[in-house]
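Asks: Pasting a structure here, questions to come.
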């Protein structure tokens, strides 16, 4: 009886998660299947899940034959921005977290408190002054406009620092006895130990940069420099009467993050655990 009583909550939780998974996956499957449909079949067949005839022309037209909406160029722009920003974030965040978490200098805690206070302001407040800065530097329609502003995300510094302060300080002291300086300790001692949280930061940063819509829409007005997310808005305007083409563009846009999730599921779960269970 006791085992049966314990089984009931687990069964309810399983059924609930199963229903939620089905609700989530059906639109995705519908989009994938629709992207392989003929536009004429969509208009004449009405509601039909599987295509009458599977075609790949929607993808070839978008990727190869369309200069008005260069989806492949947008894809490469997003890849350059997301990868570059991820690398830059890992360098800056890890070094900043090391300074705030391991080094001792005057005003450290005050500076860190002030840094955390900036998280209280919504990002939209910074849009106008940030654009003025980007325009002054001449970075409009430049990759740097999308890469640099997000290079020092405060939450990522906080996340890495909190992970770092739990590493015993005796590791640093032992390295100093052997003659290691601060930078050597960072590279040889601390950096190998914080690889899990850096992987989480990399996932956060890449997906955030890839899915960002508002800021790239502001700093890019050259169609050939746009990332894929704001580019899909232009695609919608051109193919609003052709849902199969729209679905093909959307599926291309989600491929990198989908592949990233397949190969890094463990780190996505760690990111949720770290985000919800950070020690102050």
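Asks: Look at residue 218 and say whether it is outside any helix (DSSP H, G or I) and surrounded by fewer than 18 Cβ atoms within 10 Å (Cβ to Cβ).
Replies: Judged against the criteria, residue 218 is not a match.
Asks: Report yes if some residue within the range 194-207 is buried (at least 21 other Cβ atoms within 10 Å of the Cβ) and within 17 Å of residue 72 (Cβ to Cβ); otherwise report no.
Replies: no
Asks: Among the candidates 32, 42, which residue alone is over 30 Å from residue 225 (Cβ atoms) and in contact (Cβ under 8 Å) with a residue 40 or more places away in the chain?
Replies: 42
Asks: Just the residues that are modelled with pLDDT under 85 and loosely packed, with under 10 Cβ neighbours inside 10 Å, please, taken from the range 12-48.
Replies: 46, 47
Asks: Return the residues of the range 142-162 that are within 20 Å of residue 218 (Cα to Cα) and either part of a helix (DSSP H, G or I) or touching a strand residue (DSSP E or B) at 6+ places or on another chain (Cβ under 6 Å) (or both); say none if nothing qualifies.
Replies: Of everything in the range 142-162, those that are within 20 Å of residue 218 (Cα to Cα) and either part of a helix (DSSP H, G or I) or touching a strand residue (DSSP E or B) at 6+ places or on another chain (Cβ under 6 Å) (or both) turn out to be 143, 144, 145, 146, 147.
Asks: Let me ask another. Could you check residue 67 against (1) within 15 Å of residue 225 (Cα to Cα); (2) at pLDDT below 90; (3) in contact with a helix residue (DSSP H, G or I) (Cβ under 9 Å, 6 or more places away or on another chain) and say which number it fails?
Replies: The single condition residue 67 does not satisfy is (3).
Asks: Limited to the range 90-141, what total is found for residues that are closer than 28 Å to residue 223 by Cα, touching a helix residue (DSSP H, G or I) at 6+ places or on another chain (Cβ under 9 Å) and outside any helix (DSSP H, G or I)?
Replies: Residues in the range 90-141 being closer than 28 Å to residue 223 by Cα, touching a helix residue (DSSP H, G or I) at 6+ places or on another chain (Cβ under 9 Å) and outside any helix (DSSP H, G or I): 3 in total.
Asks: Name every residue in the range 200-237 that is under 14 Å from the mean Cα position of the chain (by Cα) and closer than 19 Å to residue 62 by Cα, in order of residue number.
Replies: 227, 228, 229
The values are calculated or read from the model by the stated rules, or taken from the named source; none is laboratory data. Remember, it's a predicted structure, so these values are computed and weren't measured experimentally. Methodologically, a virtual Cβ is constructed for each residue, glycine included, from the backbone with ideal geometry; neighbour enumeration extends over all protein chains shown.
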